[in-house]
Amino acid sequence: MPHSIKILSATLEVLADYWRDQGIIAVADKSWNLQAVARANGVTLPDDFVHLYNCSNGMRLNAELYQDFDKDYFYFLSAEELRTETRDLIVDSMRGIEKRSTSVTVFVDYMHCSWEYGFIPNPTGAGYLIGIIGDIKTFKVITSSLATFLSLYMEDAQVLYDHQVSATDSPGTV
């Protein structure tokens, strides 16, 4: 098992306990085909997101009901709720501010659409970037690792609330 999958697996175990303490069920649902559900909604999931959704299909208080959100007002979408759209985004990352047209997949809602968290393809061609979608046109990068994002989420890290894109007069185009 690759090192990154071991880290993700350990993080998902901690996440399951974190949710269980809040009454949220984090168990695998073996009765459905994750990739078929995702593809039907136009979503292609990176391998570690497949691992996440194979461990838990979003947040549920019980087998039938999805919870509105956790104690910090985060709501992890189920596979059925995932959506991917192509958008023209202002992307704020360590590379600077860039304007680009890209696909974005939303997987977490904060406070019923105050803002969202999603992932976009990494412009370097390797993997993806997870960030805050503060509004329909902005994406502020947090990390390129699902395990890191989940750890930040469980820590209730301040970076998860900083949704303002840095000011710029003329973002470059990628």
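Tabulated data for the structure shown
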quantity	calculated
Some residue of the range 116-127 being of a type in the set (Ser, Thr, Tyr), in a strand (DSSP E or B) and open to solvent by 60 Å² or more (accessible area, probe 1.4 Å)	no
Extreme residue, farthest from the chain's Cα centre (by Cα), among residues of the range 89-102 that are assigned to a strand (DSSP E or B) and among the aliphatic types (A, V, I, L, M)	ILE97
Residues satisfying the stated conditions in the range 17-36, i.e. closer than 23 Å to TYR153 by Cβ, in a helix (DSSP H, G or I) and within 18 Å of the chain's Cα centre (by Cα)	TYR18, TRP19, LEU34
Which numbered condition THR124 fails, given (1) over 19 Å from VAL165 (Cα atoms); (2) without any contact (Cβ under 8 Å) to a residue 60 or more places away in the chain; (3) in contact with a helix residue (DSSP H, G or I) (Cβ under 9 Å, 6 or more places away or on another chain); (4) among the β-branched types (Val, Ile, Thr)	(3)
Close pairs from the range 41-58: first within 9 Å of THR105 (Cβ to Cβ), partner open to solvent by less than 30 Å² (accessible area, probe 1.4 Å) and at pLDDT below 90, Cβ under 6 Å, at least 6 apart	LEU45/ALA38
ASP92 being more than 25 Å from TYR53 (Cβ to Cβ), open to solvent by 20 Å² or more (accessible area, probe 1.4 Å) and of a type outside the set (A, V, I, L, M)	no
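Here's the yes/no breakdown for (1) open to solvent by less than 30 Å² (accessible area, probe 1.4 Å); (2) under 23 Å from ASP17 (Cβ atoms); (3) in a strand (DSSP E or B):
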| residue | (1), (2), (3) |
| --- | --- |
| ARG87 | yes, no, yes |
| VAL104 | yes, no, yes |
| VAL108 | yes, yes, yes |
| GLY131 | yes, no, yes |
| LYS140 | no, no, yes |
| LEU150 | yes, yes, no |
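The values are calculated or read from the model by the stated rules, or taken from the named source; none is laboratory data. Since the model is a prediction, treat every value here as computed from it, not as a measurement. Using ideal geometry, Cβ is built from the backbone for each residue, glycine included, and neighbour counts are taken over all protein chains shown. Just so you know, the surface numbers come from the protein's heavy atoms only, side chains and all, with ligands and any DNA or RNA stripped out. Shrake-Rupley method; radii C 1.70, N 1.55, O 1.52, S 1.80 Å.
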